[in-house]
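Each remark here refers to the structure printed beneath this line.
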Amino acid sequence: QVQLVESGGGLVQPGGSLRLSCAASRVISSLYPMGWYRQAPGKQRELVAVLTSNGRTNYADSVKGRFTISRDNAKNTVYLQMNSLKPEDTAIYYCSANYYLTYWGQGTQVTVSS
């Protein structure tokens, strides 16, 4: 069993930044790949960014150059730094991890609006 707890969401103006955190209940070196997904109202959940065990990253085209996924092994935490936010980034953001099964956090709301 793996628990994932996201935090850091909120309301931000277009062009602003947020950093999301995902704290895991297990050592994250056992949980790869880990990723961030998002789901906007009326849309399917989509991959935003993924981090593999060897440190490789992959991003959705819509966030390349603006978002960065990273990790802190000592804190068992994965982050999503989001810069130059746009209204279309508004969604619930979910952290995921894999340990025989795929686990999800409860999600954190990100709203980009003026």
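Of all residues in segment 10-32, which are modelled with pLDDT under 95 and part of a strand (DSSP E or B)? Show your work before the answer.
Filtering segment 10-32 down to residues modelled with pLDDT under 95 leaves 24-32.
Residue satisfying the conditions is Ala24 alone.
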In segment 33-49, which residues are modelled with pLDDT of 95 or more and outside any strand (DSSP E or B)? Ala40, Lys43, Gln44, Arg45
Filter segment 83-109 down to residues that are in contact with a Ser or Thr (Cβ under 6 Å, 6 or more places away or on another chain) and of a type in the set (A, V, I, L, M, F, W, C), then give me how many there are. 1
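Just to be sure, is Val5 open to solvent by 60 Å² or more (accessible area, probe 1.4 Å), among the β-branched types (Val, Ile, Thr) and touching a residue at least 24 places away in the same chain (Cβ under 8 Å)? Please lay out each step first, then the result.
Details: open to solvent by 60 Å² or more (accessible area, probe 1.4 Å): yes; among the β-branched types (Val, Ile, Thr): yes; touching a residue at least 24 places away in the same chain (Cβ under 8 Å): yes.
Spelling it out, Val5 is indeed open to solvent by 60 Å² or more (accessible area, probe 1.4 Å), among the β-branched types (Val, Ile, Thr) and touching a residue at least 24 places away in the same chain (Cβ under 8 Å).
Give me a count of the residues in segment 81-94 that are of a type in the set (D, E, K, R) and either free of Cβ contacts under 8 Å to residues at least 60 places away in the same chain or touching a His at 6+ places or on another chain (Cβ under 6 Å) (or both). Full working, then the answer.
Narrowing segment 81-94 to residues of a type in the set (D, E, K, R): 86, 88-89.
Cutting the leftovers down to either free of Cβ contacts under 8 Å to residues at least 60 places away in the same chain or touching a His at 6+ places or on another chain (Cβ under 6 Å) (or both) gives us 88-89.
Of the residues in segment 81-94, 2 are of a type in the set (D, E, K, R) and either free of Cβ contacts under 8 Å to residues at least 60 places away in the same chain or touching a His at 6+ places or on another chain (Cβ under 6 Å) (or both).
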In segment 57-80, the residues that are open to solvent by 60 Å² or more (accessible area, probe 1.4 Å) and without any contact (Cβ under 8 Å) to a residue 24 or more places away in the chain: Thr57, Asn58, Asp61, Lys64, Gly65, Thr68, Ala74
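Among what's in segment 81-114 and is open to solvent by less than 40 Å² (accessible area, probe 1.4 Å) and small (Gly, Ala, Ser), pick the residue that is farthest from Ser7 (Cα to Cα). It would help to see each step written out before you state the result.
The initial filter retains those residues of segment 81-114 that are open to solvent by less than 40 Å² (accessible area, probe 1.4 Å), namely 82, 85, 89-91, 93-97, 103, 105, 107-108, 110, 112.
From what's left, small (Gly, Ala, Ser): 91, 96-97, 105, 107.
Numbers: Ala91: 14, Ser96: 13, Ala97: 16, Gly105: 10, Gly107: 8 Å.
By that ranking, first place goes to Ala97.
The values are calculated or read from the model by the stated rules, or taken from the named source; none is laboratory data. Just so we're clear, the structure is a prediction, and the values are computed from it rather than from any experiment. For neighbour counting, all protein chains shown are included, and Cβ atoms are generated from backbone atoms with ideal geometry for every residue, glycine included. Ligands, DNA and RNA are stripped out before the accessible areas are found, and what is left, the full protein with its side chains, is counted by its heavy atoms. Shrake-Rupley method; radii C 1.70, N 1.55, O 1.52, S 1.80 Å.
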